[in-house]
Amino acid sequence: MKNTLIAPSVLAADFANLQRDIEMINKSEADWFHVDIMDGVFVPNISFGMPVLEAITRHAKKTIDVHLMIVNPDQYIKTFAELGAHNLTVHYEACTHLHRTLQAIKAEGMKAGVAINPHTNVSLLEDIINDIDLVCLMSVNPGFGGQSFIEKTYDKIKQLKEIITRNGAHTLIEIDGGVTDRNAVQLVEAGADVLVAGNYVFRAADPVTTVAGLKTLTSF
């Protein structure tokens, strides 16, 4: 049976009631907390930094999946490990020496992820797929929540799954952006393992039920 992991994106939470929202996710059937760190340079938006992540990890009881949308991620790898990140994902487009960055993440005891923007071809990951624990496919342009899902994503998932299978890798495929109950099943059927959902969860009338619905839909 397929057990798809659901990762609510904390960027869509109510920052004035962050502890309440973290505890809500703790009580839900969600598997991970997805935390976006943006620097206003790599992407045109700035999100929370180290103190907020520290506050999240203090209350969160599930896997902390940190997605760095920043330049020069190498200089912060140790810091994110110390703050309690379990997964650390860097952007392909932001890393000059990607293999070295992945090794540095693993050396700190974290799972190493690579995110790729919508225009980046998944074939570029073939040579290092066995060193990647998680590939985060951006299904919207990174930097802002609430964007429309890019339909080309389904083809990219299938291409990536084929690369993973061909190389005997165990890399998870994570989809980030525009995930709802309308595309979740198709994403999982294409090969996705982890679904990041922001506004769809946190703007719902009943987020706990919404997460449970996604979990039920994608477990088959």
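No lab work stands behind these numbers, since they all come straight from the coordinates. Note that this is a predicted model, so its numbers are computed, not measured. Please note: Cβ atoms are built from the backbone with ideal geometry, for glycine as well, and neighbour counts cover all protein chains shown.
To the nearest 20 debye, what is the magnitude of the charge dipole of the chain about its Cα centre, counting +1 on the Cβ of each Lys and Arg and -1 on the Cβ of each Asp and Glu? Before the final figure, lay out each step's value.
Details: 18 positive and 26 negative charges, 56 e Å.
Dipole magnitude for the chain comes out near 260 debye.
Please report, in whole Å, how far the alpha carbons of the range 5-58 spread along each principal axis, starting with the longest.
That works out to 35, 23, 16 Å along the principal axes.
Of all DSSP beta bridges in the range 5-217, what percent run antiparallel (nearest 5)?
Of the beta bridges lying entirely in the range 5-217, close to 5 percent run antiparallel.
Going by C-beta contacts inside 10 Å, put His99, His91, His86 in order with the fewest on the left.
Values: His99 12, His91 24, His86 18.
If I rank by nearby Cβ atoms, fewest first, I get His99, His86, His91.
Roughly speaking, what is the stretch gain from Gln159 to Asp127, that is 0.36 nm per residue apart minus the C-alpha to C-alpha distance, in nm to one decimal? Spell out each step's value before the answer.
Details: separation 32, 0.36 × 32 = 11.52 nm, distance 1.43 nm.
Contour length minus Cα-Cα distance gives 10.1 nm.
Quick one, what does Rg over Rh come out to for the range 117-168 if you take C-alpha atoms and the Kirkwood Rh?
That ratio equals 1.00.
Quick one: compute the contact order of the range 5-217, relative version, from alpha carbon pairs under 8 angstrom and 6+ residues apart, as a percent.
21
Give, as a single signed number, the net charge of other residues whose beta carbon lies under 12 Å from the beta carbon of Gly49, with Lys and Arg counted +1 and Asp and Glu -1.
Taking every Cβ under 12 Å from that of Gly49, the sum is -3.
Please go through the range 129-183 and write out the trypsin sites (Lys or Arg not before Pro) that DSSP classes as loop and that have at most 14 other C-beta atoms within 10 Å.
Details: sites: Lys152, Lys156, Lys158, Lys161, Arg166, Arg182; in loops: Lys152, Arg182.
Counting only loop positions with at most 14 other Cβ atoms within 10 Å, the trypsin sites (Lys or Arg not before Pro) in the range 129-183 are Lys152, Arg182.
Return the subset of Lys62/Lys215; Lys61/Lys158; Lys106/Lys215; Lys27/Lys106 for which the Cα-Cα distance in this structure is over 22 Å, preserving the input order.
Beyond 22 Å between Cα atoms: Lys61/Lys158; Lys106/Lys215; Lys27/Lys106.
Need one number: convex hull volume per residue for the chain, Cα atoms only, in Å³.
Enclosed volume per residue, from the Cα hull, is 112 Å³.
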